[in-house]
Structures are given as C-alpha cells and as structure tokens.
Amino acid sequence: GEDVEQSLFLSVREGDSSVINCTYTDSSSTYLYWYKQEPGAGLQLLTYIFSNMDMKQDQRLTVLLNKKDKHLSLRIADTQTGDSAIYFCAEKSSNTGKLIFGQGTTLQVKP
Amino acid sequence: GAGVSQSPSNKVTEKGKDVELRCDPISGHTALYWYRQSLGQGLEFLIYFQGNSAPDKSGLPSDRFSAERTGGSVSTLTIQRTQQEDSAVYLCASSFRRGGSKDTQYFGPGTRLTVL
C-alpha cells in the first residue's frame, strides 16, 4: 500500500543546515511535496519535485530525490528560528490524486 | 489573491450533535479535498471532489461523515452524531485540476473540532 515515513524530531543550531528525510512506497508517484506547518496554522506548501527530477533548489531549500531508493530529503540552508515548525513530506497517489502524508518532522532551531 | 478559507475556525460540540464545516476553495480551482489531522492518526485523506465527477469517498471513516460540493465551489463536510474520536483539525485543500504540475494542493487554515 501507500505509506510515507519520516523521522519525528530534528534539532539544529541557528545558522546550521537542516536535513529532513522521508521515504515513500508508491513508485508510481508523479509528484512529491514538502509542506510546513507552524503552531496553530494550516499547511503551507514549501516546494515540490516531479519524479523525473533528482534535485530542485529554491533559495535556501534544496530537495533531493532518489527514486531508486524512494527517498526524499529537504535541506534548509542557514536555518533560522523562524524555520521552527513541523515539516510534512507527501506523495501524490498516482491513482486518485490524494496526498499521502508522513507523520511530520518537528524542527527545533536553537539560537 | 484569496486563498482557501474555512469556517468556523473552532467548533466545540457535545457528543451526539451534528456539525457542519465549510470550505471555500480558491476561485477557479476545480478539485477540492478534505483531510483530517489528529494526534493519533496524523494527516488522513477523507474525500475528494473533481468537477462534476462522482466524489472519491474512500477516506471517510464511517457513514456518519458526508460531504457535498454545491455549484462546483463551496463544500460542506457534515459529521452526524459526533463522537469524541472525531475531535481533530479538519483541513480543506483545493487545486487547479487533477494531474500535472497544476495539481498542487493549497490548504486552508483548518477547523479545529472538539467533541466533549
């Protein structure tokens, strides 16, 4: 079946890079997404990557996709305290279009 | 432009009562999704509407849950005879169309439902 796994917690120092990892199971997923959720807020789309790409860079964000291993990562360069949030990885079901989410990774940024 | 809006932002109800949650998608978006976020289950898909097609109801947890989308725009999620396990944040998302890069889903702020 479709499943997405993430580590639950990551703590970094301000200015360091953060790397959040995700694995998924649906090899036919066409798009993979990263969403950010701040306390009490909804889901904010950060970035997405098409399955035929290996990497996508958007300012401080770099997404790496290893389709063979079904592994996705989000790197945040120069992490700031404002980056503290829960980060969700999601794959889009190739059959239905619905999003399958991981459990979310809580990123804690220490000053 | 305006994003996805949801109302109410918070709803407290008593067990056994019915509730209605509303979602206003981004103008022009033909696809609309409902998800539920709860502590024990994470983010779960509930139901999906695409244009005039029959909705995909495969994620609805029981027959107490139903949803409709009138005029291809606003959607209402109804929970009948609410139970405490229905307490969660209900999120609505919309996208331009199914498939391709335009299918990126944009989420509303959610409705926090508390069943006492």
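Quick note: the coordinates plus some simple rules give every number you see, no bench work behind them. As the structure is a prediction and not an experimental result, all values here were calculated from the model. Cβ sites come from the backbone with ideal geometry, for glycine too, and all protein chains shown count toward neighbours.
A few points about this structure:
- Where trypsin sites (Lys or Arg not before Pro) fall in DSSP loop in region B:60-116, at most 13 other Cβ within 10 Å: B:Arg81
- Computed over chain A, the convex hull of the alpha-carbon atoms projects to a mean area of 6.6 nm².
- By average C-beta atoms within 10 angstrom, highest first, the peptides A:18-25, B:14-21: A:18-25, B:14-21
- Order of B:Val12, B:Val4 under a 10 Å beta carbon neighbour criterion, fewest first: B:Val12, B:Val4
- Over 27 Å between alpha carbons, listed pairs A:Lys36/A:Lys110; A:Lys36/B:Lys15; A:Lys56/A:Lys92; A:Lys110/B:Lys11; A:Lys67/A:Lys110; A:Lys92/B:Lys11: A:Lys36/B:Lys15; A:Lys110/B:Lys11; A:Lys67/A:Lys110; A:Lys92/B:Lys11
- With a Förster radius of 30 Å applied to the beta-carbon distance between B:Phe96 and A:Leu8, the computed FRET efficiency rounds to 0.35.
- Mean separation of Cα contacts under 8 Å (6+ apart) over length of region B:50-116, as relative contact order %: 27 percent
- Measuring nothing but how far apart in sequence close Cα pairs (under 8 Å, 6+ apart) lie, relative to its length, region B:1-93 scores a relative contact order of 35 percent.
- Average Cα contact separation per residue, chain A, under 8 Å, 6 or more apart, as relative contact order %: 38 percent
- Leading residue at positive end of dipole, region A:1-98 (Cβ point charges), from A:Gln44, A:Phe9, A:Gln57: A:Gln57
- Ranked from largest, the principal axis spans of the Cα set of chain B equal 40, 28, 27 Å.
- Taking the inverse of the mean 1/r over every pair of distinct Cα atoms in region A:71-111 gives a Kirkwood hydrodynamic radius of 12.0 Å.
- Candidates per trypsin sites (Lys or Arg not before Pro) in region A:66-111, loop by DSSP, up to 10 other Cβ within 10 Å: A:Lys68
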